[in-house]
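Remarks on the structure that follows.
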Amino acid sequence: MLQLHFRLKAISFTLMILVFYSTWGETKSKTPEKAALRIVKDVVIYKDSSYYSSFPSVIMRPEGELIVAFRRAPDRRIFGAKGNRHVDANSYLVQVRSSNGENWTANPELIYAHDFGGSQDPCLLQLKDGTLLCTSYGWAPLNEEEKSTLIQPYAETNGFVFLGGYLVRSIDGGKTWQGPIYPPHIVPEQYNSALGEPLPAYNRGALCEGENGRIYWVVAAHDSETSRKTSTHLLVSDDKGLSWKHLSVVATDSEASFNETSIYETPKGDLVAFLRTAGLDDQACIARSTDGGKTFNQWEKMEFQGHPLNALRLPDNRVLLTYGYRHKPYGIRARILNAECTDFATAPEIVLRDDGGSTDLGYTWPVLIDDNRVLVVYYFNHDKGIRYIAGTILEID
């Protein structure tokens, strides 16, 4: 009996040891990995209760100055309106500046006010020689008599007729801007502009300058005269944005629509298009070119929701991908991809903010402010209140 007693105690002790190591292993496996990003702080870049401010972009000048461009329009509620729309006759392109990403000039400088209507979504690109490009597009407010004289077909929303896209340029750090420069009309786009001309190419999204000096810009086009569905196309410029030509189709589908797209060049030289969609349950999508944009592979779902997307190369060649999240809890999210952006379906999602007041937020744009910090700009709201330009400063591991 005594021998049996000691044998049972030994077995019990062994089981305790096994349980301990098993539990320790489970605990260890559940310990989160070190975060790739650390949120330092959220900042207010521009906020004024008299204005609806939205759709920002950002660049850093060679001397370290940050410039944020955005679309500013009157808050129509001060005139008794129930709310605001994304199309407004008095929406202009403006900019503010900062030396550190935290403190910003209070009074925006005008970039451009379109002669014939309101402007949208200023998208900044800084070229290697310091030239600044800013793309946009506009809407003309027309009454029924004026619309009756237009050349059919044309695109219309809430009494505004589409003017199409344009861009302006600066060679003095945004102190003055030249333009507008109108990109070409591209097939299959059938619509005419409010000015009675074939609609100039248009879109919202980040452009990129390739290692070869060529500028790449993904634009949208309606697939037919009777359809509001759009596909995306690649325009290129070899003269620093002064002229453009159509190179290829980026993404198209018989059912899904593709529009606001950012394009990114990987270290290997692939061109990666990050696509906003409609008709795909808000799925983010991706398309890739391995031949300099002459052709793009079949688009793929990235297996997560969010839009529009924007990509930034980090100092170690990883890619910070940021986007707005317009599902509860509303906010801003990010992922860190490998250098060639091939792990998009498995890269962990990082929540930067989840305190947004409605779906009307996002349109992120990231920029490096030093070797281990990033500023992500976007527009935001709380409790469906005034829309304003905000940012989040991140530290990179």
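Data table
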read-out: Contacts under 8 angstrom Cβ, first residue in the range 82-99 being without any contact (Cβ under 8 Å) to a residue 24 or more places away in the chain, partner not in a strand (DSSP E or B), 6 or more apart; value: GLY83/ARG76; GLY83/ARG77
read-out: Output for the range 286-307, where each listed residue is closer than 16 Å to SER257 by Cα, outside any loop (DSSP other than H, G, I, E, B) and not polar (S, T, N, Q); value: ILE286, ALA287, GLU300, LYS301, MET302, HIS307
read-out: The range 316-339, residues that are assigned to a loop (DSSP other than H, G, I, E, B), in contact with an Asp or Glu (Cβ under 8 Å, 6 or more places away or on another chain) and charged (D, E, K, R); value: ARG326
read-out: Strands (runs of 3 or more DSSP E) wholly inside the range 50-123 containing at least 2 residues that are of a type in the set (Lys, Arg); value: 66-74
read-out: Residues of the range 210-240 that turn out to be in a loop (DSSP other than H, G, I, E, B) and over 28 Å from THR157 (Cβ atoms), as a count; value: 8
read-out: Test: residue in the range 148-166 that is in contact with a strand residue (DSSP E or B) (Cβ under 6 Å, 6 or more places away or on another chain), surrounded by 19 or more Cβ atoms within 10 Å (Cβ to Cβ), within 21 Å of LYS240 (Cβ to Cβ) and in contact (Cβ under 8 Å) with a residue 60 or more places away in the chain; value: no
read-out: Filter result (of a type in the set (Asp, Glu) and either assigned to a strand (DSSP E or B) or within 20 Å of ALA311 (Cα to Cα) (or both)) within the range 169-209; value: GLU209
read-out: Conditions (1) in contact with a Leu (Cβ under 9 Å, 6 or more places away or on another chain); (2) within 26 Å of PRO184 (Cα to Cα): number failed by ASP270; value: (1)
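The rows are residues; the columns are (1) surrounded by fewer than 19 Cβ atoms within 10 Å (Cβ to Cβ); (2) modelled with pLDDT of 95 or more; (3) within 30 Å of PRO348 (Cβ to Cβ).
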site	(1), (2), (3)
TRP24	yes, no, yes
ALA35	yes, no, yes
ARG38	yes, yes, yes
TYR51	no, yes, no
ILE78	yes, no, no
ARG85	yes, no, no
ASP88	no, yes, no
VAL94	no, yes, no
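The values are calculated or read from the model by the stated rules, or taken from the named source; none is laboratory data. Remember, it's a predicted structure, so these values are computed and weren't measured experimentally. Methodologically, a virtual Cβ is constructed for each residue, glycine included, from the backbone with ideal geometry; neighbour enumeration extends over all protein chains shown.
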